[in-house]
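Have a look at the structure below before the remarks.
Laboratory data are not the source of any read-out in this text; all were calculated from the coordinates shown. Since the model is a prediction, treat every value here as computed from it, not as a measurement. Methodologically, a virtual Cβ is constructed for each residue, glycine included, from the backbone with ideal geometry; neighbour enumeration extends over all protein chains shown.
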Amino acid sequence: MKLKAIAAIAALASTLMVSGIVVAQSTGGVKSLRGSEVDTELPAPELYQQQEGREVRNYRQQPPVIPHSMDQYQIDLRTNQCLSCHDWTTAGDRGAPTLSMTHYLDRDGTQLDTVAGTRWFCNQCHVPQANAPALVDNTFDASASQ
């Protein structure tokens, strides 16, 4: 009895699988998210150059954008090259802005001498600024008082 039930389930499953393949093949070719066939070569997108100078913030607590390239910067569990200029111990000598004191607070609000682990990966909040078109439409209005 069990053998007949297993054979019937296997037959039904294989029938459904074959019919699923037929339906998938009849829906057309595989489309990519780029809007063209998968094997079509498209030209590389335009590269946008880094903007010079500082970008004005749009609201009071906005993380500032990075006014320089970060192409060769290493940020991993052991190394953060941003700190070679922006840490409070070196910023004055390098002429770079010092990190906000909030970067030196742990989760409990305790003041630390080094950057807190929760603020170690700078590019989670800060991005290099570039004069690039918006990826999506945006109707955001900057706040009047910054």
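See the values below:
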quantity	calculated
Nonlocal amide H pairs with Ala130, under 5 Å, H built at 1.01 Å	Gln51
Dipole magnitude of the chain about its Cα centre (Cβ charges: Lys, Arg +1; Asp, Glu -1), debye to nearest 20	760
Cα principal axis extents for the chain, largest first, Å	81, 43, 35
Selected from Gly35, Gly117, Gly92 as most flexible by GNM, with the chain as the system and alpha-carbon contacts under 10 Å	Gly35
Between 0 and 90°, nearest 10: helix 2-26 axis offset from the chain longest Cα axis	60
Region 67-146 - Rg (one decimal) and Dmax (whole number), Cα, Å	15.4, 42
